[in-house]
Amino acid sequence: MFDLDAWREIFQSINKNKLRAMLSGFTVAFAILLFTLLFGIVNGLQNFFTQAFVDDADNSMFVRTWKTTKPYKGLQSGRRIQLKNEHLDYILEEHSEKVQHISARKYLNVRITYKTKQDNYSIRAVHPDHRYLEKTIIDEGRFINQLDLNQKNKVIVIGRLVKKDLFGERLALGKYVNLNDISYKIVGVFSDEGGDREERNVYMPITTAQMLYGNNDYIDNILIGYNPRLTIDRAVAFGNRLERELRQKLNIHPDDQSALFIRNMAEANKNVGQLTTALFFIVILVGSGTLIAGIIGISNIMIFSIKERTKEFGIRKALGAKPGSIISMVVKESLLITSIAGYLGLVLGTFILSQIGDGLEEYFIYNPSVSSGIVIGATFTLIIAGLLAGYLPAKKAAQIKPIVALRAD
Amino acid sequence: MIRIEGLHKSYPIGKDSLHVLKGLDLHIKEGEFVSIMGSSGSGKSTLLNIVGLLDEHDVGNYYLNGQLIEKLNEKKAAVLRNKFLGFVFQSFNLISYKTAVENVALPLYYKGVGRKERLKTALEYLEKVELGPWAEHLPNELSGGQKQRVAIARALVTVPKVILADEPTGALDSTTTDSVMDLLKGINDEGMTVFVITHEEEVAEQTDRIVRLKDGVIISDELTESGKAKAKQYV
């Protein structure tokens with residue numbers, strides 16, 4: 001393969017036909033550049049959607065209630081629906097095999113006081129499983145545990161920003177703070193990838209909240225993490241079934257979305273999955289279109305340039321060139337141009353993508369980038385196409401009788 | 001060196017075919033200086049193309065250097081051309097993007113000679129045709145006569161058995177014609193077989209033997225004055 005003399009001939013031929021070499025090089029470089037940018041941007045879109053759903057566990061279901069909008073079984077519309085402990089227990093009893101995590105959530109707004117500092121914060125009274133459902137990250141101490149629930153302990157877990165507000169850089173763990181004049185011990189500090197708002201929350205045991213604030217068994221929401229072994233379709237079905245059952249238990253019209261609704265991540269995942277699949281096919285379509293345009297470009301240039309050189313090939317044959325040596329010369333020339341140009345397009349495309357970085361986030365494009373495998377694959381496709389584009393017409397030209405080739409003008 | 005027996009060649013033209021060579025017999029011995037004369041359409045270029053392995057004959061036998069030429073594929077033909085034949089064309093056929101010395105060196109490249117030796121040999125031959133100082137010039141910087149001398153140097157560089165010249169002076173004025181013919185004569189004097197195709201009487205007369213072709217058949221084959229003189233020397 002490596003024959004210095006042969007390559008010298010090729011370099012000379014390229015050098016003396018710069019325009020031709022540049023045209024075919026440009027075609028290849030441009031095709032690869034477009035391909036890289038396109039793939040990068042679609043990857044950016046995918047990254048954005050993945051990022052958008054990173055906050056909550058991706059197998060979570062969220063049961064929320066409000067007022068009825070449809071009369072049912074003699075009950076008027078406008079009735080306020082209240083979830084209670086029994087509903088959570090029902091889900092656990094009836095569907096334990098489909099549930100991985102479950103937690104109630106009850107909201108409170110309280111004034112927290114520590115020494116001279118005080119501010120209003122929202123409290124979430126929850127079960128221990130809540131940390132998995134919200135993807136809470138424990139920075140210090142621990143989360144609410146079963147013992148806290150059983151003993152109705154007055155303990156809280158505070159968000160990173162709550163700690164910052166009240167304690168600054170000082171130690172918060174083990175300190176006591178007042179929540180509306182009731183003293184609570186801080187047993188943990190957490191952070192959350194969901195952002196600042198999440199980190200201004202405070203968690204306490206659901207049993208404590210129910211005893212101290214209203215002395216009832218009310219809960220505001222139920223969070224469920226469905227068994228990850230469920231397929232997306234079965235998880236969607238599970239959510240729908242649960243919705244029907246709870247509506248029935250609470251005497252709600254089966255179609256009353258306002259009274260009781262379950263937000264099911266399985267459905268969102270299904271939609272995102274469909275969107276990503278659609279994007280993927282668009283990329284395949286447009287990407288292969290770009291490549292085909294590039295291939296046609298090279299083929300045209302090669303066919304034209306070989307036609308132009310028919311006479312030269314005739315002279316070379318009269319001087320003793322074998323057909324193989326002419327084919328090999330043309331193919332190597334085409335190979336050299338396509339690989340160098342393909343590489344340039346690749347480098348330029350990756351460079352532009354890295355320059356874009358996070359700059360297009362407002363257009364739903366986040367961190368656009370390409371896997372090297374795909375782009376190298378595309379480059380190789382073009383190189384092979386360049387080889388064929390050179391080989392086929394060169395083979396034809398090399399088979400022309402030298403006398404015919406010499407007559408060509 | 002070249003022996004042709006009952007050679008026929010026709011070209012298809014649409015549905016018909018044009019019968020160009022109608023049974024030629026010709027024997028050219030080693031060291032001869034022969035010209036083929038004929039008006040255009042007489043078949044002389046076809047004859048040269050067949051002799052030069054640039055084209056194939058239909059019927060008859062052709063022996064080159066004692067070897068029967070038949071069913072040659074392109075690869076074998078290329079090797080034989082490179083080994084036995086040197087071409088000089090009317091339109092020079094130099095490669096436009098190669099310098100004079102690179103053009104002369106090209107047949108050696110296809111022979112597999114190393115680059116240094118190739119360029120050294122090519123330069124020697126360029127000096128032989130008195131174009132040493134023009135070695136690094138491109139063909140379009142040379143005059144017609146100079147181009148043809150480069151082409152002759154290129155034909156000679158592989159030390160072939162036969163030089164085939166197709167109207168070598170067709171594109172040249174009379175002064176340069178003489179210098180090119182002198183060059184060919186000199187080559188012949190060194191013992192190489194030279195085979196010239198021409199339609200110019202003055203050119204043909206400078207060779208040793210004139211074969212006249214008309215409508216695809218040989219109408220005469222005789223020695224010129226110089227040919228007769230040479231023949232006497234050897235007797």
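The values are calculated or read from the model by the stated rules, or taken from the named source; none is laboratory data. Keep in mind that what you see is a predicted model, and the values were worked out from it rather than measured. Because the Cβ atoms are built from the backbone with ideal geometry, glycine has one as well, and the counts that use them run over all protein chains shown.
Strands (runs of 3 or more DSSP E) fully within segment A:176-245 that include at least 3 residues being within 27 Å of the chain's Cα centre (by Cα) and under 26 Å from A:Leu83 (Cβ atoms): A:221-226. The residues of segment B:171-191 that are touching a residue at least 60 places away in the same chain (Cβ under 8 Å), within 20 Å of B:Phe92 (Cβ to Cβ) and part of a loop (DSSP other than H, G, I, E, B) amount to a single one, B:Ala171.
Annotation note: of B:Lys83, B:Lys98, the sole residue that is touching a residue at least 40 places away in the same chain (Cβ under 8 Å) and in contact with a Ser or Thr (Cβ under 8 Å, 6 or more places away or on another chain) is B:Lys83. Restricted to segment A:382-405, and to residues there that are out of contact with any helix residue (DSSP H, G or I) (no Cβ under 6 Å at 6 or more places or on another chain), assigned to a helix (DSSP H, G or I) and β-branched (Val, Ile, Thr), the residue that is farthest from the other protein chains (Cβ to nearest Cβ) is A:Ile384.
Return yes when A:Met204 is touching a strand residue (DSSP E or B) at 6+ places or on another chain (Cβ under 8 Å), within 16 Å of A:Lys106 (Cβ to Cβ) and aliphatic (A, V, I, L, M) and no when it is not.
Against the criterion (touching a strand residue (DSSP E or B) at 6+ places or on another chain (Cβ under 8 Å), within 16 Å of A:Lys106 (Cβ to Cβ) and aliphatic (A, V, I, L, M)), A:Met204 qualifies.
Are any of the residues in segment A:148-162 assigned by TED's automatic domain parsing to the domain that holds A:Gln210, more than 30 Å from the chain's Cα centre (by Cα), of a type in the set (Gly, Ala, Ser) and over 18 Å from A:Ser103 (Cα atoms)? No, there is no match, as no residue in segment A:148-162 is assigned by TED's automatic domain parsing to the domain that holds A:Gln210, more than 30 Å from the chain's Cα centre (by Cα), of a type in the set (Gly, Ala, Ser) and over 18 Å from A:Ser103 (Cα atoms).
Considering the conditions (1) free of Cβ contacts under 8 Å to residues at least 60 places away in the same chain; (2) under 21 Å from B:Thr207 (Cα atoms); (3) assigned to a strand (DSSP E or B); (4) not aromatic (Phe, Trp, Tyr), B:Asn49 is excluded by exactly one of them, (3).
Looking only at residues in segment B:30-61 that are away from chain A (no Cβ under 14 Å) and of a type in the set (S, T, N, Q), the one that is surrounded by the fewest Cβ atoms within 10 Å (Cβ to Cβ) is B:Ser40. Applying a threshold of 8 Å to beta carbon distances and a minimum spacing of six or more residues, or different chains, the list of pairs starting in segment A:224-237 at a residue that is surrounded by fewer than 11 Cβ atoms within 10 Å (Cβ to Cβ) and ending at one that is in a strand (DSSP E or B) reads A:Pro228/A:Gln100.
Determine which single condition A:Asn300 fails, assuming it passes every other condition in (1) within 14 Å of chain B (Cβ to nearest Cβ); (2) without any contact (Cβ under 8 Å) to a residue 24 or more places away in the chain; (3) of a type outside the set (Ser, Thr, Tyr). Looking at each condition in turn, A:Asn300 falls short on (1).
The residues of segment A:247-284 that are acidic (Asp, Glu) and either closer than 16 Å to A:Asp58 by Cα or part of a helix (DSSP H, G or I) (or both) amount to a single one, A:Glu267.
Of all the residues in segment B:188-226, those that are under 15 Å from B:Thr169 (Cβ atoms) and either out of contact with any strand residue (DSSP E or B) (no Cβ under 6 Å at 6 or more places or on another chain) or β-branched (Val, Ile, Thr) (or both) number 12.
One residue stands out among those in segment B:89-113 that are under 20 Å from B:Val51 (Cα atoms) and of a type in the set (Phe, Trp, Tyr): the one that is farthest from the other protein chains (Cβ to nearest Cβ), which is B:Phe92. Taking first residues from segment B:6-27 that are within 14 Å of B:Leu213 (Cβ to Cβ) and free of Cβ contacts under 8 Å to residues at least 40 places away in the same chain and partners that are of a type in the set (Ser, Thr, Tyr) and exposed (fewer than 14 other Cβ atoms within 10 Å of the Cβ), no Cβ contact under 6 Å between residues at least 6 apart in sequence or on separate chains turns up.
Considering A:Glu333, A:Glu312, the condition of being without any contact (Cβ under 8 Å) to a residue 12 or more places away in the chain, within 14 Å of another protein chain (Cβ to nearest Cβ) and assigned to a helix (DSSP H, G or I) is satisfied by A:Glu312 alone. Condition check for B:Ile210 on (1) part of a strand (DSSP E or B); (2) at pLDDT below 90: one failure, at (2). Check segment A:10-23 and report whether any residue there is charged (D, E, K, R), in a helix (DSSP H, G or I) and at pLDDT 80 or above. Yes, segment A:10-23 contains at least one residue that is charged (D, E, K, R), in a helix (DSSP H, G or I) and at pLDDT 80 or above.
Among the criteria (1) in a helix (DSSP H, G or I); (2) buried (at least 17 other Cβ atoms within 10 Å of the Cβ), the one B:Glu117 does not fulfil is (2).
Picking from residues in segment B:62-88 that are crowded, with 21+ Cβ neighbours inside 10 Å and either at the interface with chain A (Cβ under 8 Å from one of its Cβ atoms) or assigned to a loop (DSSP other than H, G, I, E, B) (or both), the one that is farthest from the chain's Cα centre (by Cα) is B:Ala78.
Determine whether B:Pro139 is facing chain A (nearest Cβ under 10 Å), at pLDDT 90 or above and either in contact with a Phe, Trp or Tyr (Cβ under 9 Å, 6 or more places away or on another chain) or crowded, with 20+ Cβ neighbours inside 10 Å (or both).
It is false that B:Pro139 is facing chain A (nearest Cβ under 10 Å), at pLDDT 90 or above and either in contact with a Phe, Trp or Tyr (Cβ under 9 Å, 6 or more places away or on another chain) or crowded, with 20+ Cβ neighbours inside 10 Å (or both).
Taken over segment A:392-405, the criterion of being more than 15 Å from B:Lys75 (Cβ to Cβ) and crowded, with 18+ Cβ neighbours inside 10 Å is satisfied by A:Pro393, A:Ala394, A:Ala397, A:Ile403, A:Ala405.
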